[in-house]
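Notes to accompany the following structure.
The values are calculated or read from the model by the stated rules, or taken from the named source; none is laboratory data. Just so it is clear, the model here is predicted, and its values are computed rather than measured. All Cβ positions, even for glycine, are placed from backbone atoms using ideal geometry, and neighbour counts span all protein chains on display. Accessible surface areas use protein heavy atoms only, side chains included; no ligands, DNA or RNA. Shrake-Rupley method; radii C 1.70, N 1.55, O 1.52, S 1.80 Å.
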Amino acid sequence: MSLAQETPATPARPPARRNGRWSAFTHLVVVRMKELKREPEVVFWVFGFPLLLALGLGIAFRNKPADVTFVAIVQGSGTQDALSLIERSPQKSSIHAELLDKPAALKGFRLGKYDLVVESDGKGGFQYLYDPARPESVLSRAEVDDALQVAAGRKNPLPTSSVISNEPGSRYIDFLIPGLIGMNLMNSGMWSIGFALVDMRQRKLLKRFVATPMRRSDFLLALAGGRLVLMIAEVGLLLGFGALVFHIRVVGSLLSILILSAIGAVGFAGLGLLTASRAQKIESVSGLINLIMMPMWIFSGVFFSYERFPSVIQPFIKALPLTALNDALRATILEGAPLATQAGRLLILVLWGGISFLLALRWFRWT
Amino acid sequence: MPAAIECLDLRKTYDGKVEAVRGLNLRIEGGECFGLLGPNGAGKTTTIEILEGLLDPTSGEVTILGHTWRKNQREVREWLGVSLQETRLSEKLTVRETIDLFASFYREPRSADHVLDDLQLGEKADAFVGKLSGGQRQRLAVATALVGNPRILFLDEPTTGLDPQSRRQLWDIIRSFQRNGGTVLLTTHYMDEAERLCDRLAIVDHGEIIAEGTPSELIERLGGHHVVEFEASGNSGDGSALNAWRALPGVESVRHDNGLVSLTVREPHLTIPPLLDAVAKHGSQLLHLTTRQASLEDVFVNLTGRHLREQ
Ligand SMILES: Nc1ncnc2c1ncn2[C@@H]1O[C@H](COP(=O)(O)OP(=O)(O)OP(=O)(O)O)[C@@H](O)[C@H]1O
Ligand SMILES: [Mg+2]
């Protein structure tokens with residue numbers, strides 16, 4: 001083995017190739033995409049789940065054709081009149097009335113089968129039984145009362161007419177899709193970065209990478225790059241799905257939407273990096289990520305408007321990154337607001353992402 | 001010419017209490033294969049990771065080919081190939097993708113195909129890492145260290161858990177790297193590995209080097225080259241008996257372990273006849289007797305009174 005000492009201490013084999021400046025970066029991005037693609041669960045949570053959510057909620061809250069209200073009429077003196085009055089009224093197509101005995105009517109009402117119970121008040125008039133906490137019951141009372149009054153001969157002092165509006169842009173699904181895009185950018189940003197990093201740290205792969213000449217900044221850039229590639233797919237899929245299935249009209253320019261989503265994706269990637277900067281175990285980072293995301297699921301107006309929360313906490317809600325992203329996405333997608341008008345919200349996103357990133361750089365542990 | 005790896009008075013204390021490395025000095029020349037040999041917890045991994053620039057020493061100096069880790073970190077990394085004691089590479093990548101990824105980190109890497117061939121991983125090039133056997137994973141780990149065309153190879157327990165054939169394959173790979181001019185620093189707790197593979201080695205215990213030299217020097221230092229082991233009926237291991245064995249001609253040292261007496265001797269043929277007489281005079285019967293070449297295990301036991309593989 002002393003043979004070795006006679007040969008010079010430089011590698012004898014010629015190099016196969018020279019790598020360019022960005023070879024590590026591009027390889028890291030490609031490898032990341034391949035790994036994601038090969039994890040079916042990841043594909044489901046990133047792409048399948050949001051689509052299912054959009055589909056489910058979109059169908060559940062779709063605008064139904066002119067609702068029919070179900071009314072139980074209690075058999076007794078005078079109630080036969082009620083039935084014939086309703087038959088003669090202009091609203092007869094939207095009122096479905098049935099004649100029942102009192103216990104059956106009350107039971108049906110309790111079970112939600114009927115929205116309203118009508119019975120004789122014994123003085124030649126009618127008495128309504130309704131539940132003010134049930135919007136459809138309230139509506140039913142107004143509608144049935146109107147029908148009875150008009151059929152009985154009331155003349156309206158003011159002539160009015162109505163036009164039905166069911167335009168894309170004002171429906172629940174229009175509100176929902178931008179919210180889902182925002183939420184998905186948050187979820188996959190936090191999870192894919194936070195989870196992947198802690199996993200790699202646990203497997204000592206980060207340490208192994210740091211033992212090579214790989215630039216640490218390239219590694220972090222590749223994480224961000226991977227997020228951007230995925231972001232295009234995520235946003236494209238949800239928007240395309242909304243447009244095809246629910247005929248959502250995308251008013252804003254695609255470029256603005258992409259820029260906005262990119263800032264959102266990278267911002268949340270920064271937050272993910274921060275949560276993963278020290279954790280040694282998957283369990284601890286999972287808890288942390290959920291803790292950070294929970295308030296935003298509730299407050300940031302993904303599924304319903306945050307205007308319903310008390311006004312004292314509105315400033316806090318508006319300072320959340322997901323609120324800023326959702327509001328900006330809605331303004332752009334639904335109203336076509338130019339990016340410049342969203343500067344305030346963009347600033348919130350950039351601050352969250354940027355400060356997280358700087359803190360993460362300080363605290364990050366490679367080993 | 002600067003040494004390939006040099007460290008001076010290296011110390012590492014974890015959390016202010018665990019003294020893992022306690023004043024280590026090493027100088028490893030270019031082209032050498034140097035082994036750190038020691039039991040579990042001796043501080044081998046701590047030492048090698050400090051030398052690799054992955055861990056900051058509590059105090060002490062490290063230079064790699066004349067460069068310190070504080071300056072030129074990226075440059076120095078271009079010259080090193082590292083395999084850590086435990087790294088789990090991504091299971092959802094193929095062998096080739098993994099090697100290509102590591103190749104992309106270096107300025108002038110070797111071709112993935114050559115490395116695959118050298119490590120006999122060609123057949124598995126398109127298999128997922130998750131589907132490899134333990135030995136194949138170890139070889140892949142070494143492949144990721146070799147693909148950067150390094151001048152120095154750091155291997156932390158490269159053959160632990162491998163079957164004899166896979167170990168021999170890895171030894172061949174390490175030797176051929178060395179034949180091409182590379183320097184190797186490896187840790188192991190296998191005696192035979194250190195003896196066959198290393199030009200020089202240091203035996204580490206409790207964070208200190210307790211002996212250093214070529215394998216034959218270390219064995220030489222034992223005094224004898226041979227070990228005579230025997231077991232006899234009666235009290236062959238008590239104090240007076242041990243003194244009697246020690247007084248036999250040519251005996252360098254005596255050890256007693258569970259009824260088994262081992263003598264390190266220079267020349268077995270001079271020691272054995274008087275040994276037989278002495279056993280007879282002692283009034284006991286010889287149950288068995290063997291002689292063998294002294295090994296590093298004997299060196300270690302002699303120095304520490306413990307076996308290397310026990311804890
Ligand atoms: N991160 C750490 N924090 C605290 N103590 C540590 C840490 N790493 C190692 N030690 C301690 O330092 C000592 C040396 O550990 P080291 O891993 O260097 O031993 P080793 O010789 O590589 O052992 P093995 O053969 O088991 O790999 C041990 O007592 C170990 O418990
Ligand atoms: Mg170790």
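Starting from the Cα of A:Lys92, draw a straight line to each of the lysines and keep only those under 20 Å, dropping any in the same chain fewer than 8 residues away. Partners within reach: A:Lys64, A:Lys113, A:Lys155.
Atom-type composition of the exposed protein surface of the protein assembly as shown places 57 percent of the accessible area on carbon and sulfur (1.4 angstrom probe).
The 3J(HN,Hα) values that the Karplus relation (6.51, -1.76, 1.60; θ = phi - 60°) gives for segment A:203-216 are, in residue order, 7, 6, 6, 4, 4, 5, 5, 5, 7, 9, x, 3, 6, 5 Hz. Gly and Pro appear as x. When you count the other C-beta atoms within 10 angstrom of each residue and take the mean per peptide, B:275-288, B:111-124 line up highest first as B:111-124, B:275-288. With 20 Å as the limit, write out which pairs from B:Lys44/B:Lys71; B:Lys44/B:Lys92; A:Lys207/B:Lys131; A:Lys207/A:Lys281; A:Lys207/B:Lys12 have Cα-Cα distances beyond it, or answer none. Violating the 20 Å Cα-Cα cut-off are B:Lys44/B:Lys71; B:Lys44/B:Lys92; A:Lys207/B:Lys131.
Beta bridges per DSSP, both residues in segment B:131-280: antiparallel share near 75 percent.
Put simply, chain A fits an ellipsoid with semi-axes of 63, 21, 18 Å; these come from the alpha carbon gyration tensor as the roots of five times its eigenvalues, largest first. For segment A:98-106, 3J(HN,Hα) computed residue by residue from phi via the Karplus equation (6.51, -1.76, 1.60; θ = phi - 60°) reads 10, 9, 9, 7, 4, x, 5, 5, 5 Hz, glycine and proline entered as x. The calculated P(r) of segment B:101-227, using every Cα pair and 5 Å bins from 0, goes 2, 9, 18, 20, 18, 14, 8, 6, 3, 2, 0 in percent.
Each label point was placed 7 Å from the Cα along the Cα-to-Cβ direction; for A:Glu335 and A:Leu129 their separation is 4.7 nm. Over chain B, dividing the summed -39,500 (n - 2.57) contributions of all DSSP H runs of at least 4 residues by the number of residues returns a 222 nm mean residue ellipticity of -9500 deg cm²/dmol. With semi-axes defined as the square roots of five times the eigenvalues of the C-alpha gyration tensor, the equivalent ellipsoid of segment A:157-258 measures 46, 13, 9 Å, largest first.
Put the Cα centre of segment B:196-245 next to the Cα centre of segment B:248-311 and the gap is 10 Å.
Look at the stretch B:174-184: the mean tally of other chain Cβ atoms within 10 Å of its residues' Cβ atoms is 4.
Taking amide H as placed 1.01 Å from N in the peptide plane, the amide H of A:Phe126 sits under 5 Å from that of A:Asp121, each at least 5 places away or on another chain. DSSP bridge analysis restricted to the protein assembly as shown gives an antiparallel fraction near 60%, rounded to the nearest 5. Amide H to amide H distances under 5 Å link B:Glu208 with B:Arg22, where only residues 5 or more positions off or on other chains count and H is placed in the peptide plane.
List the lysines whose alpha-carbon lies under 23 Å from that of B:Lys281, not counting same-chain residues fewer than 8 positions away? Of all the lysines, none pass the test against B:Lys281 - Cα under 23 Å, at least 8 places apart if same chain. Chains B and A together bury some 4300 Å² of accessible area, summed over both sides, with a 1.4 Å probe.
With Cα atoms as the point set, the radius of gyration and Dmax of the protein assembly as shown evaluate to 39.6, 138 Å.
Among B:Arg168, B:Arg70, the order of accessible area from largest down is B:Arg70, B:Arg168, computed with a 1.4 Å probe on protein heavy atoms.
Each other residue within a Cβ distance under 11 Å of A:Phe299 adds +1 if Lys or Arg and -1 if Asp or Glu, for a net charge of +2. The equivalent ellipsoid of segment A:217-305 has semi-axes of 28, 18, 11 Å, largest first, where each one is the square root of 5 times an eigenvalue of the Cα gyration tensor.
Shown are B:Val76, A:Val250, whose ranking by accessible area with a 1.4 Å probe and every protein chain present, most to least, is A:Val250, B:Val76. The HN-Hα couplings worked out from phi for segment B:117-130 by the Karplus form 6.51 cos²θ - 1.76 cosθ + 1.60 (θ = phi - 60°) are 4, 4, 9, 6, 10, x, 5, 9, 3, 9, 7, 6, 4, x Hz, whole numbers, x standing for Gly and Pro.
Within segment B:5-214, all pairs of alpha-carbon atoms sorted by distance into 5 Å bins from zero give the percentages 1, 7, 16, 19, 20, 16, 12, 6, 2, 0.
The label point for A:Leu221 and the one for A:Arg17, both projected 7 Å from the Cα toward the Cβ, are 1.9 nm apart. Solvent exposure of segment B:5-214 amounts to 37 Å² per residue of accessible area, where only protein heavy atoms count and the probe is 1.4 Å. The simple spin-label model puts a point 7 Å past each Cα toward its Cβ; for B:Val18 and A:His96 those points are separated by 7.2 nm. Summarising the strand pairing of chain A, around 30 percent of its internal DSSP beta bridges are antiparallel. Its Kirkwood hydrodynamic radius, worked out from the mean inverse distance over all distinct Cα pairs, puts segment B:223-293 at 11.7 Å. Over chain A, dividing the summed -39,500 (n - 2.57) contributions of all DSSP H runs of at least 4 residues by the number of residues returns a 222 nm mean residue ellipticity of -19500 deg cm²/dmol. Full extension of the chain segment joining B:Ser216 with B:Glu108 gains 35.1 nm, where the gain is 0.36 nm per residue of separation less the Cα-Cα distance.
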